[in-house]
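Taking it in order: structure first as structure tokens, then the write-up.
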Amino acid sequence: MKVANLFEVGLEPDEEDAPGYAVSFARVGPLVGGEQLGLSVYEIGPGQSICPYHYENAEEEWLIVLAGRPTVRTPEGERELGLWDCAFFPLGEAGAHKVTNLTDETVRVCIWSNVATVWTTVYPDSEKVLAGPPGKLFRLADAVDYFTGEA
């Protein structure tokens with residue numbers, strides 16, 4: 001049995017994160033041998049967010065607060081969560097969310113989900129969609145007719 005402690009797992013920053021989205025994280029699933037479920041731990045500094053407001057079309061996501069008080073934006077508005085609070089983000093627009101640290105303390109959360117081999121993530125505020133594979137972003141306004149470019 002492989003074990004990872006969510007408070008001691010080594011977190012790494014993503015050097016490509018944009019301002020306002022600078023977080024450190026660890027993908028725990030691979031550390032313990034997970035294949036069908038993924039779990040990541042995020043440490044969020046003051047004024048930072050994990051990702052832009054988005055929703056998944058193939059992966060349900062769950063969040064548990066490990067430390068601090070993150071604010072979660074959903075279609076219902078914003079809500080501050082507390083220690084050990086658990087939130088569920090279903091598939092589709094109803095599951096749209098953004099996790100932000102509006103406090104002066106560091107926030108630590110874990111997020112887990114099923115692992116999908118084919119997926120899309122929609123970013124309603126910026127009107128983009130991320131499709132995987134191939135892992136590329138597209139503007140929704142660039143949509144074309146089904147038969148465009150076909151012979």
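The values are calculated or read from the model by the stated rules, or taken from the named source; none is laboratory data. Keep in mind that what you see is a predicted model, and the values were worked out from it rather than measured. Using ideal geometry, Cβ is built from the backbone for each residue, glycine included, and neighbour counts are taken over all protein chains shown. Calculation scope for accessible area: heavy atoms of the full protein, side chains included, ligands and nucleic acids excluded. Shrake-Rupley method; radii C 1.70, N 1.55, O 1.52, S 1.80 Å.
Side notes on the structure shown:
- Conditions (1) under 27 Å from V32 (Cα atoms); (2) in a loop (DSSP other than H, G, I, E, B); (3) of a type in the set (G, A, S); number of the one not met by S126: (1)
- Any hit, the stretch 29-40, residues being open to solvent by 40 Å² or more (accessible area, probe 1.4 Å), closer than 14 Å to V109 by Cα, in contact with a helix residue (DSSP H, G or I) (Cβ under 8 Å, 6 or more places away or on another chain) and of a type outside the set (F, W, Y): yes
- Count of residues meeting criterion [assigned to a loop (DSSP other than H, G, I, E, B), β-branched (V, I, T) and closer than 22 Å to L83 by Cβ] in the stretch 1-56: 2
- A single entry from E80, E43 fulfils the requirement of being closer than 27 Å to N5 by Cβ and touching a residue at least 24 places away in the same chain (Cβ under 8 Å): E43.
- Taken together, the residues in the stretch 13-26 that are at pLDDT 95 or above, exposed (fewer than 10 other Cβ atoms within 10 Å of the Cβ) and not hydrophobic (A, V, I, L, M, F, W, C) amount to 1.
Here's the yes/no breakdown for (1) modelled with pLDDT of 95 or more; (2) open to solvent by less than 80 Å² (accessible area, probe 1.4 Å); (3) under 22 Å from I44 (Cα atoms); (4) of a type in the set (F, W, Y):
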position	(1), (2), (3), (4)
L83	yes, no, yes, no
R108	yes, yes, yes, no
V118	yes, no, no, no
V129	yes, yes, no, no
